[in-house]
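Report on one structure; see the data block that follows.
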Amino acid sequence: MSAKRVKVITATLVLGLVGAWTVLAEDAAPPEGWEAIDIELPEPFFGGTPIDYWGPNLEPESYKDRDPFYAPPGVTNVAIEKKVTSSFEDPMVGELEQITDGDKNYAKSSLVELASGVQWVQIDLEKEIELYAILVWHFHEGKRVYFDIVVQVANDPEFKEGVTTVYNNDHNNSAGLGVGEDKEYVENYQGRLIKVDAVKGRYVRLYSNGNTANELNHYVEVEVYGK
Ligand SMILES: [Ca+2]
Ligand SMILES: [Ca+2]
């Protein structure tokens, strides 16, 4: 075997090992004792028109299943059936209580529609809870991107004091809540899982500011994982 060929083989092996190591590092084991949390997904919607939108801040669309979500034992969806309030109390379609009713279907009968502009919905978890994720479905009957998604946790129902922002993809501060560096994303039936680093709070507030199809704001369901 020529010296050159040996070099090529060696280089290939090294690259292969580095590649395998990188995959292992990305799939780093969760903290000891944490469990994969069961998430019930709705039926996907097939069809609709392709999305005609690009932004420098848009995450490439993923067609894969989401990686398992790990959390300490006992973490469940603590938002189910909890009271929802909003900057727009009388939705144009649906009722606010549908945001935590467990129904995540894409159909219009499962949709809550709020007015245009910056609007928020807020879930009262009834007591301070340690949070590990917030999972939101805005809309999944077709492809859309929702703008200025900001998610905050606080013990103050007015969100004036002790506010922790756990997601903000408003890069130009058009919602006026500060500049965020999270990504925009195309909605789908898997919802958006926002990991939260054991932040404690009683209230979760989610902002948005229209979408690629119209200026309105929508929710199908919000789940909050904590204990
Ligand atoms: Ca619902
Ligand atoms: Ca913006």
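The values are calculated or read from the model by the stated rules, or taken from the named source; none is laboratory data. A quick note: this is a predicted structure, and the numbers were derived from the prediction, not measured. Don't worry about glycine lacking a Cβ; one is built from the backbone with ideal geometry, like all the others, and counts go over all protein chains shown. Areas reflect the complete protein model, heavy atoms only, side chains present, ligands, DNA and RNA absent. Shrake-Rupley method; radii C 1.70, N 1.55, O 1.52, S 1.80 Å.
Could you go through region 27-44 and let me know if any residue there is farther than 18 Å from residue 142 by Cβ, part of a helix (DSSP H, G or I), modelled with pLDDT under 90 and out of contact with any Phe, Trp or Tyr (no Cβ under 8 Å at 6 or more places or on another chain). Checked region 27-44: no residue is farther than 18 Å from residue 142 by Cβ, part of a helix (DSSP H, G or I), modelled with pLDDT under 90 and out of contact with any Phe, Trp or Tyr (no Cβ under 8 Å at 6 or more places or on another chain).
Yes/no per residue for (1) assigned to a loop (DSSP other than H, G, I, E, B); (2) within 16 Å of ligand 2 (Cβ to nearest atom):
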site	(1), (2)
79	yes, no
84	no, no
88	yes, no
98	no, no
103	yes, no
109	no, no
120	no, yes
123	no, no
127	no, no
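Put simply, of 90, 38 the only residue that is without any contact (Cβ under 8 Å) to a residue 60 or more places away in the chain, away from ligand 1 (no atom under 16 Å from the Cβ), within 19 Å of the chain's Cα centre (by Cα) and exposed (fewer than 11 other Cβ atoms within 10 Å of the Cβ) is 38. From the list 166, 199, 150, 186, the lone residue that is open to solvent by less than 10 Å² (accessible area, probe 1.4 Å), closer than 23 Å to residue 66 by Cα and not hydroxyl-bearing (Ser, Thr, Tyr) is 150. Would you call residue 48 touching a Lys or Arg at 6+ places or on another chain (Cβ under 7 Å) and modelled with pLDDT under 95? When the stated conditions are applied, residue 48 passes them. Only one entry in 143, 195 is part of a loop (DSSP other than H, G, I, E, B) and not small (Gly, Ala, Ser), namely 143.
Taken across region 147-162, residues that are outside any strand (DSSP E or B) and of a type in the set (A, V, I, L, M) do occur, with at least one present. Filtering 136, 166, 204 for residues that are more than 16 Å from ligand 1 (Cβ to nearest atom) and in a strand (DSSP E or B) leaves a single hit, 166.
Only residues in region 145-168 that are over 14 Å from residue 197 (Cα atoms) count as the first member; pair them with residues that are among the aromatic types (Phe, Trp, Tyr) and within 16 Å of ligand 2 (Cβ to nearest atom), Cβ under 6 angstrom, at least 6 apart or cross-chain, and list the lot. Within 6 Å, the pairs are 145/53; 150/207. Is it the case that some residue within region 123-131 is open to solvent by less than 30 Å² (accessible area, probe 1.4 Å) and within 16 Å of ligand 1 (Cβ to nearest atom)? Checked against the condition, which is being open to solvent by less than 30 Å² (accessible area, probe 1.4 Å) and within 16 Å of ligand 1 (Cβ to nearest atom), region 123-131 yields at least one hit.
Can you tell me how many residues in region 212-227 are surrounded by fewer than 21 Cβ atoms within 10 Å (Cβ to Cβ) and either away from ligand 2 (no atom under 16 Å from the Cβ) or not β-branched (Val, Ile, Thr) (or both)? Break it down stepwise before answering.
Within region 212-227, the subset surrounded by fewer than 21 Cβ atoms within 10 Å (Cβ to Cβ) is 212-216, 227.
Add one more test, that the residue is either away from ligand 2 (no atom under 16 Å from the Cβ) or not β-branched (Val, Ile, Thr) (or both), and what stays is 213-216, 227.
Counting residues in region 212-227 that are surrounded by fewer than 21 Cβ atoms within 10 Å (Cβ to Cβ) and either away from ligand 2 (no atom under 16 Å from the Cβ) or not β-branched (Val, Ile, Thr) (or both) gives 5.
Taking the criterion of being within 14 Å of ligand 2 (Cβ to nearest atom) and without any contact (Cβ under 8 Å) to a residue 60 or more places away in the chain, the residues of region 172-211 that qualify are 172, 173, 174, 175, 176, 177, 178, 179, 180, 181, 182. Scanning region 109-122 for residues that are over 16 Å from the mean Cα position of the chain (by Cα) and either away from ligand 1 (no atom under 12 Å from the Cβ) or under 18 Å from residue 169 (Cβ atoms) (or both) gives 113, 114, 115, 116, 117, 118, 119. Checked against the criterion of being on the phi > 0 side of the Ramachandran plot and more than 11 Å from the chain's Cα centre (by Cα), the candidates 173, 209 yield just one match: 173.
The rows are residues; the columns are (1) within 11 Å of ligand 1 (Cβ to nearest atom); (2) buried (at least 19 other Cβ atoms within 10 Å of the Cβ); (3) charged (D, E, K, R).
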position: 61; (1), (2), (3): no, no, yes
position: 68; (1), (2), (3): no, no, no
position: 75; (1), (2), (3): no, yes, no
position: 84; (1), (2), (3): yes, yes, no
position: 96; (1), (2), (3): yes, yes, no
position: 100; (1), (2), (3): yes, yes, no
position: 107; (1), (2), (3): yes, no, no
